[in-house]
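First up is the structure itself, then whatever we jot down about it.
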Amino acid sequence: MKHKEGKPAIHPDKQSKKVPMAIMLVVLCGFSFYLGGIFCSEKGKIATQEVSKKVETPKETAAGSLQIKAVTFPECSPEFQDYTPCTDPKRWKKYSIHRLSFMERHCPPVFEKQECLVPPPDGYKLPIRWPKSKGECWYRNVPYDWINKQKSNQHWLKKEGEKFLFPGGGTMFPNGVSHYVDLMVDLIPGMKDGTIRTAIDTGCGVASWGGDLLDRGILTVSLAPRDNHEAQVQFALERGIPAILGIISTQRLPFPSNSFDMAHCSRCLIPWTEFGGIYLLEIHRILRPGGFWVLSGPPVNYENRWKGWNTTIEEQKSDYEKLQELLTSMCFKLYNKKDDIAVWQKLSDNSCYKKLEVPDNYPAKCDDGTEPDSAWYTPIRPCVVTPNQKYKKVALKSLAKWPERLHTAPERVADVRGGSDGAFKHDDSKWKTRVKHYKKLLPAIGTDKIRNVMDMNTLYGGFAAALIDYPLWVMNVVSSYSPNTLPVVYDRGLIGTYHDWCEAFSTYPRTYDLLHLDGLFTAESHRCEMKYVLLEMDRILRPNGYAIIRESSYFVDAVATLAKGMRWGCHKEETEYGVETEKILICQKKLWYSSKQSSR
C-alpha cells in the first residue's frame, strides 16, 4: 500500500482485474524502449553467484513477452577503493578555491560515470560489530595514518596491531569526550531531559562527540569534508556513527530550515567571522528556534588560551567581540559560557527579527522570494532566514520531548500535499506492519549484523520510526524532486538529508549495512538510469550488507537481473498483503576481493 506523493494507493481488496488492452500495449512499448537503453551495454563477463532463490523472468502477456538482457559489470581498478564521485580530490583543480568551494559537491558528467564495481582495500575484513565498533575498527578497512600521526597528542585514534582504537579524544578534549560532554550538559540542561534530540557536528573529526551523544539519546549528523584529515567520515561510519560528507562553503547544507535542536563546532577551523558571517547565517537557517549553537576553541576563553593559538590576546579579544556582535545581529543570545565552551541560543520571539527589516541593516531579513527549505545546490545568501510565524510548534520549547515526539504528528506535515495528522498516523501504523513483515523476510534486522541503515526515499520517516527499538540508526533521504517532507522527519526527532539519486551520495564506499527503497525506480526511472542507481547502491553498501527493494513486479524483475551482474544474491518475496502488482526483493552483497590485489 503506497501513500507517497505521486504514487497511487494500492488496496488489496480493491484491485482492478481488467486493464484495457490499448493501455497495456502503450505501457509495455514504452518500457521496452526504456529498457533497451538500460540493459544493452554489456561489459566483460565476471563470475557471479546464483541468487539464493530463483527470480523468475517476467511472464508473457497478451502484448508479448518482456525481454530483459543480463548485464555484467567489471571490477574498478584498485585506485577506486575509496572513490567518492562527487567529492573526488582528482577533480578539485577544476574548481575555485574561493571559500574552499572545490570541496563541495561537483559530480562527474554522465560520460565520466564509472560502470564498474568498487573493490574493497587489500586485506579488508567485515567490520567489527556494534557496540564494540564504537571503540575500534580494522586498520585495513580504513588504512589512513594521517590523523594518527598528526593528532597523536590529541588522542583522536591510535593504531595498535591490526586495529585503530578510538580513545574518545579531540582537539578540545584530548583527555576524553565524555568529560567534555558532561561540561556541556551542565551548560544546557535540555541535553538530559529529552528536549534536545537532533544535533549537527561541523568539522566532526572521527565523530567522537556524536558517538558519545548516542548514549544520551541525542542523534547527531557528523559533518566533514574530504580533506587532508583523510577519511574522517569514513572512520565515523566504520565505527557505526551517523556521518555525511559536507562542508559549509558557498552552497546551503542539504537540510531544511529549522531542523536541528543543536549545532556544535569544536575548533572546527571554520572562519565564522569572515565573509560577513555567511557561515553563521547557514547555521542559523538549519537551527530551529530555541536551538543551541555550541562553540569550543578560539576565540572562546581567549583570556587563558591565546598563547597556544599563535596570536595575541588583543587579536583574540577582537575576534570574540566580532563573533558576539555578529551572533547578536542574527538574533542569537549568549545562553551560557564556562571555560572553553560557549553556548548561544537562537531566539524564538519575533521582536528581534522585525529589527532586521530596517533599511541598510546587516544582515538583512531574507525577502519573501527566498525558499527557506531549498537546500539542494542552493547558494547561501547573506541574509537571515527568519522563523515563519505561522508555525507555533516548531520552536524547541514547543515540541514534545523525546521519545514522545517520535509519534506526534508535526505541525509541518500540513505543508505536504495530502499531508495531515491522519495521513501521518496512517503512515506510522503502515510502517509498523511492514517492518514486522521485513523482519520475517530478513531476520538480520535487529541483530548486530545491521547498524548503519539508509531509507533511500522516505516520506515521513516511518520506516526509521518502526526500527527505533533496534540497535541501529537510519539516514532518511528525501528526493530533491519529491514533495518536501524532510522537515517532518526532523520534527519527529529523526535525521536525514536531501539527495538526487541521479548522482552519487555524499559518503564513502562500504558505509551502510542496509539500504531500503520503496518505489524509487517507479518514481524516478524517467530521470535516472537504473544501472547507475544500482551501482551507487553497490558502492555504498558494505560487503555482506543487504538491500530491501520494494517495487512494482516489473521493476523487481529488472533489478534482479542487474543484481546478478553486481555479485548480489537476491530472492523475491510477497508483500505483507500479497498483492500481485508489488513485490519485495531481498538482496545481499557478497564479499569479494579484487583480482588485482591479494587478500589476507
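Applying the selection to region 205-240, what residues are under 15 Å from Pro167 (Cα atoms) and in a loop (DSSP other than H, G, I, E, B)?
Across region 205-240, the qualifying residues are Gly205, Val206, Ala207.
Could you figure out which of (1) out of contact with any Leu (no Cβ under 9 Å at 6 or more places or on another chain); (2) open to solvent by 50 Å² or more (accessible area, probe 1.4 Å) isn't true of Lys365?
Result: Lys365 fails condition (1) only.
Yes or no, residue by residue, for (1) open to solvent by 20 Å² or more (accessible area, probe 1.4 Å); (2) more than 16 Å from Asp427 (Cβ to Cβ):
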{"residue": "Pro443", "(1), (2)": "yes, yes"}
{"residue": "Met456", "(1), (2)": "no, yes"}
{"residue": "Phe463", "(1), (2)": "no, no"}
{"residue": "Cys502", "(1), (2)": "yes, yes"}
{"residue": "Phe505", "(1), (2)": "no, yes"}
{"residue": "Pro509", "(1), (2)": "no, yes"}
{"residue": "Leu520", "(1), (2)": "no, yes"}
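Conditions (1) open to solvent by less than 10 Å² (accessible area, probe 1.4 Å); (2) more than 22 Å from the chain's Cα centre (by Cα); (3) closer than 30 Å to His106 by Cβ, marked per residue:
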| position | (1), (2), (3) |
| --- | --- |
| Asp193 | no, yes, no |
| Trp209 | yes, no, yes |
| Leu219 | no, no, yes |
| Pro225 | no, no, yes |
| Glu230 | no, no, yes |
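With respect to Leu535, is the statement that it is closer than 30 Å to Lys590 by Cβ, in the same structural domain as Glu115 (by the TED database) and in contact with a strand residue (DSSP E or B) (Cβ under 6 Å, 6 or more places away or on another chain) true?
Criteria not met by Leu535.
Got at least one residue in region 239-258 being farther than 30 Å from Asp145 by Cα and of a type in the set (A, V, I, L, M, F, W, C)?
yes
Look through region 537-594, keep the residues that are acidic (Asp, Glu) and under 25 Å from the mean Cα position of the chain (by Cα), and return whichever of them is farthest from Asn452 (Cα to Cα).
Across region 537-594, the extreme among qualifying residues is Glu551.
Which of the following residues is of a type outside the set (A, V, I, L, M) and in a helix (DSSP H, G or I): Tyr490, Tyr481, Tyr498?
Answer to the check: Tyr490.
Check whether at least one residue in region 257-276 is open to solvent by 10 Å² or more (accessible area, probe 1.4 Å), out of contact with any strand residue (DSSP E or B) (no Cβ under 9 Å at 6 or more places or on another chain), part of a helix (DSSP H, G or I) and more than 28 Å from Pro189 (Cα to Cα), and report yes or no.
Within region 257-276 (the criterion being open to solvent by 10 Å² or more (accessible area, probe 1.4 Å), out of contact with any strand residue (DSSP E or B) (no Cβ under 9 Å at 6 or more places or on another chain), part of a helix (DSSP H, G or I) and more than 28 Å from Pro189 (Cα to Cα)), the answer is yes, since at least one residue qualifies.
Can you confirm whether region 121-140 contains a residue that is aromatic (Phe, Trp, Tyr), open to solvent by 20 Å² or more (accessible area, probe 1.4 Å) and either in the same structural domain as Leu214 (by the TED database) or part of a helix (DSSP H, G or I) (or both)?
Yes, some residue in region 121-140 is aromatic (Phe, Trp, Tyr), open to solvent by 20 Å² or more (accessible area, probe 1.4 Å) and either in the same structural domain as Leu214 (by the TED database) or part of a helix (DSSP H, G or I) (or both).
Which of (1) under 30 Å from Ser133 (Cβ atoms); (2) among the acidic types (Asp, Glu); (3) within 20 Å of the chain's Cα centre (by Cα) does Asp373 not meet, given it meets every other one?
In the conditions (1) under 30 Å from Ser133 (Cβ atoms); (2) among the acidic types (Asp, Glu); (3) within 20 Å of the chain's Cα centre (by Cα), Asp373 misses (1) alone.
I'm checking my understanding of the structure. Among residues of region 540-577 that are in contact with a strand residue (DSSP E or B) (Cβ under 6 Å, 6 or more places away or on another chain) and part of a helix (DSSP H, G or I), which one is farthest from Gly446 (Cα to Cα)?
Filtering first and then ranking leaves Ser553.
Answer with yes or no whether Val488 is in contact with a strand residue (DSSP E or B) (Cβ under 9 Å, 6 or more places away or on another chain) and buried (at least 21 other Cβ atoms within 10 Å of the Cβ).
So Val488 fails the test.
Output the residues belonging to region 400-422 that are in contact (Cβ under 8 Å) with a residue 24 or more places away in the chain, open to solvent by 30 Å² or more (accessible area, probe 1.4 Å) and in a loop (DSSP other than H, G, I, E, B).
Lys401, Trp402, Pro403, Thr408, Arg417, Gly418, listed by residue number.
For the subset of region 330-346 comprising residues that are touching a Gly at 6+ places or on another chain (Cβ under 8 Å) and at pLDDT 95 or above, which member is most open to solvent (accessible area, probe 1.4 Å)?
Ranking the qualifying residues of region 330-346, first place goes to Gln345.
I want to confirm something. Restricting to region 280-305 and keeping residues that are among the aromatic types (Phe, Trp, Tyr) and open to solvent by 10 Å² or more (accessible area, probe 1.4 Å), which single residue is nearest to the chain's Cα centre (by Cα)?
Phe292
The values are calculated or read from the model by the stated rules, or taken from the named source; none is laboratory data. Note that the structure is predicted; figures quoted are calculated from it, not measured. Note that we place each Cβ from the backbone using ideal geometry, even for glycine, and neighbour counts take in every protein chain shown. Side chains included, ligands, DNA and RNA excluded: accessible areas come from the protein's heavy atoms. Shrake-Rupley method; radii C 1.70, N 1.55, O 1.52, S 1.80 Å.
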